[in-house]
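Below is one structure, written out as C-alpha cells; the observations come after it.
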Amino acid sequence: MSPRSPSTREACADRDRGDPLASVRGTFDLPQGVIYLDGNSLGPLPGITSQRLTEVIEQEWGQGLIGSWNGADWIGAPVRVGERIGRLVGAAPDQVVVADSTSVNLFKVLGAALALRPERVDIVIEAEDFPTDAYIAQGVTAFRGRGQVRVAPPGQAVEAIDTATAVVLLSHVNYRSGALHDLAGLTAAIHARGGLVCWDLSHSVGVVPVDLDGAGADFAVGCGYTFLNGGPGAPAFVYVAQRHLDAVAQPLSGWLGHAEPFAFSSVYVPVDGIGRFACGTPPILSLTALECGIDLALGVDMDAVRAKSLALTDLLIELVDARCGAHPLTVITPRERERRGSQVSLCHEHTYEVCQALISRGVIGDFRAPDILRLGVAPLYLRYVDVWDAVATLAEVLDTREWDDPRFRVRMTVTLA
C-alpha cells in the first residue's frame with residue numbers, strides 16, 4: 001500500500017497497528033468520542049501530569065512549604081526544565097531557560113538583540129506571522145523611541161534587510177498556513193546581511209526536528225502549551241546562543257536573573273549564563289506540568305514523530321481532495337513535505353460555521369480569522385483512523401450544509417469553541 005494512498009478506513013487501521021508510536025496514545029487522558037485536532041493550540045493532558053501535580057501540591061507545597069524551594073529544587077526548575085527543552089531544539093546546556101510567557105520572552109530577546117547591534121535600529125518581521133510577535137516588536141521600538149518595525153511579505157524577510165536592520169523575527173512554522181521555514185538556510189542568509197535572527201518555535205517544538213546550535217541561530221522563544229502538552233497558560237522558554245551570553249543584556253532585569261537574588265542588593269548584577277533571562281518568581285505548578293509534557297516528548301524519537309506527522313498530513317490533504325473536492329474548500333498548507341509543519345489549514349467562505357459544526361460532532365479543530373480552519377496533527381496521540389473519520393465528518397458537514405444552522409454562527413470570545 002502506498003503511504004500516500006487514503007485507501008480505506010480498514011487500511012488506515014492497519015497502519016495504526018504498525019505504528020511505532022501507537023503505544024504513546026495511551027499516555028494521554030483523551031475524552032471518549034473526540035477527535036482532537038487542536039493540539040497546535042492546546043495539547044491534551046498527559047496522564048502522568050495529574051499524579052505529579054498532586055505530589056507537588058500535597059507533599060512539596062503542603063508538607064514542605066517554603067522549604068521546597070531548596071528541598072524539592074523549585075529554584076532550579078527554570079534552568080532544569082530549560083535544559084530538557086534544549087534537547088528538543090538542538091541546544092547545548094546553559095542556553096535555554098523556562099520563564100514567563102512567549103510575549104514577555106520576545107520583549108527580552110528583541111531588546112537584547114537591538115542592544116547587541118547599537119548601530120542598527122530596526123526589526124524586520126513577516127506579514128501573517130502570529131500577531132503578538134508584531135505587537136511586541138512594535139512595543140519594543142516604541143519603548144526605545146527609535147527604529148521601526150518593517151513588515152515584509154511572506155517569504156521575503158531576507159530581501160527586506162538593510163543596513164538599519166538589527167534583528168529579524170520569524171516563526172519557524174506559520175500559525176495560519178502551517179508553512180515551514182528553512183531554519184538553517186534563513187539563519188545563514190540573515191547573518192550574511194548583518195542581521196541577527198530570533199525564531200519563534202511555538203508551532204514546531206515537540207513535533208518538528210529543530211537544531212538551533214547547528215543552524216547558528218541567535219535567539220529563539222516558544223510556548224509550552226501546544227505540542228509540548230504543558231497545559232493552559234504553561235510557561236514559555238527562551239534560547240540565547242552561548243556566544244552572545246557574556247555580552248547580552250535583557251531589559252527585564254528581575255530579581256531571579258540577579259547573580260545573588262537572595263542578597264537583596266539594590267543594584268542589579270546579572271547572573272552568568274542563561275539564567276539572566278529569568279525575571280520573576282517561577283510558577284512551580286505550571287512548570288511541573290510542563291516538565292511532564294517535555295519528559296513525554298523526550299521519550300520518543302523525534303525523527304519518528306516527524307515521519308508520522310508527514311504521513312498523517314499527507315493523508316489528511318489527500319482525503320480532503322478526494323472527499324471534499326466538490327466544495328469551495330482550499331488547502332492553503334504547502335503540499336511539499338519539506339515546507340510543511342504539523343497542521344493542515346483549509347479556507348472556506350463559512351469556515352467559522354464549519355468549525356462549529358465539526359466541534360458539535362466531536363471533531364475539534366480551530367478557527368483563525370478571517371477564514372481559516374486549522375487541523376493540528378499531533379503524532380503522539382493522533383491515529384490514521386482519526387484522520388479518516390475527521391475528513392468523513394467534514395465531508396458530511398459540507399455535503400448536507402449542516403454548517404448553515406444558525407446556532408453555528410454565534411461567535412464566542414474564544415472563537416474555536
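The values are calculated or read from the model by the stated rules, or taken from the named source; none is laboratory data. Keep in mind the model is a prediction, meaning the values are calculated, not measured. Cβ sites come from the backbone with ideal geometry, for glycine too, and all protein chains shown count toward neighbours. What goes into the accessible areas is simple: the full protein's heavy atoms, side chains included, and nothing from ligands, DNA or RNA. Shrake-Rupley method; radii C 1.70, N 1.55, O 1.52, S 1.80 Å.
Amide H contacts under 5 Å for A259: V269, V271, restricted to partners 5 or more places along the chain or on a different chain, H placed in the peptide plane at 1.01 Å from N.
Over the chain, the reciprocal of the mean inverse Cα-Cα separation, the Kirkwood hydrodynamic radius, stands at 22.4 Å.
Kirkwood radius, the range 81-141, all distinct C-alpha pairs, inverse of mean reciprocal distance: 13.1 Å. Can you work out the PRE-style zone for A11? Point 7 Å along Cα to Cβ, and I want the residues of the range 289-312 with backbone N under 17 Å. Residues passing the 17 Å test: 311-312.
Every helix of 4 or more DSSP H residues in the chain counts as -39500 (n - 2.57), and over all residues that averages to -11000 deg cm²/dmol at 222 nm.
Helix 351-360 axis versus longest C-alpha principal axis of the chain: approximately 80°, rounded to the nearest ten. Close amide H contacts of F28 (hydrogens built in the peptide plane, cut-off under 5 Å, sequence separation of 5 or more or a different chain): G47. Each Cα pair under 8 Å and six or more residues apart adds its separation to the average, and for the chain the resulting relative contact order is 22 percent.
For the modelled label position 7 Å from the Cα of D301 along Cα-to-Cβ, which residues of the range 15-40 have backbone nitrogen atoms closer than 12 Å? Backbone N within reach: 20-21.
Going by the alpha-carbon gyration tensor, a ≥ b ≥ c the square roots of its eigenvalues, is the range 1-136 rounded (a/c under 1.5) or, if a/c is not under 1.5, prolate (a/b greater than b/c) versus oblate? Verdict is oblate for the range 1-136. Close amide H partners of V97, meaning residues 5 or more places away or on another chain with modelled amide H under 5 Å apart, are V238. For the range 75-83, backbone phi angles converted through the Karplus equation (6.51, -1.76, 1.60; θ = phi - 60°) give residue-by-residue couplings of 5, x, 4, x, 7, 4, 5, x, 5 Hz, Gly and Pro being listed as x.
Quick one: among I136, I372, I66, which has the greatest mean-square fluctuation in a GNM of the chain with alpha-carbon springs under 10 angstrom? Fluctuation is largest for I66. Note that the chain presents 41 Å² accessible area per residue, ligands and nucleic acids not counted, probe 1.4 Å. What shape does the range 156-301 have by the C-alpha gyration tensor, where a ≥ b ≥ c are the square roots of the eigenvalues, rounded means a/c under 1.5, and otherwise prolate means a/b greater than b/c and oblate the rest? Verdict is oblate for the range 156-301.
Taking Cα atoms only, the orientation of helix 284-298 departs from the longest principal axis of the chain by about 60 degrees. Under the classification rounded if a/c is under 1.5, otherwise prolate if a/b is larger than b/c and oblate if not, where does the range 131-176 fall, given a ≥ b ≥ c as square roots of the Cα gyration tensor eigenvalues? Oblate, since a/c reaches 1.5 and b/c is not below a/b.
Spin-label model, E396 to R411: label points 7 Å out along the Cα-to-beta-carbon direction sit 3.0 nm apart.
Using θ = phi - 60° in the Karplus curve 6.51 cos²θ - 1.76 cosθ + 1.60, the 3J(HN,Hα) couplings for the range 325-330 round to x, 7, 10, x, 10, 10 Hz; x is entered for Gly and Pro. The accessible-area ordering, largest first, of the residues M302, M412 stands as M412, M302, per a 1.4 angstrom probe.
Dividing the C-alpha radius of gyration of the range 194-273 by 2.2 N^0.38 Å, with N its residue count, gives 1.30.
In a fully extended conformation the segment linking A369 and R146 would gain 77.1 nm over its present Cα-Cα distance, using 0.36 nm per residue. Over the range 289-417, what number does the Rg to Rh ratio reach, with both radii from the alpha-carbon atoms and Rh per Kirkwood? Using Cα coordinates only, the ratio equals 0.99. Among the protein heavy atoms of the range 33-177, carbon and sulfur supply 57% of the accessible surface, probe 1.4 Å, non-protein parts ignored. Considering only G325, G341, G231, the Gaussian network model of the chain with Cα springs below 10 Å gives its largest mean-square fluctuation to G325.
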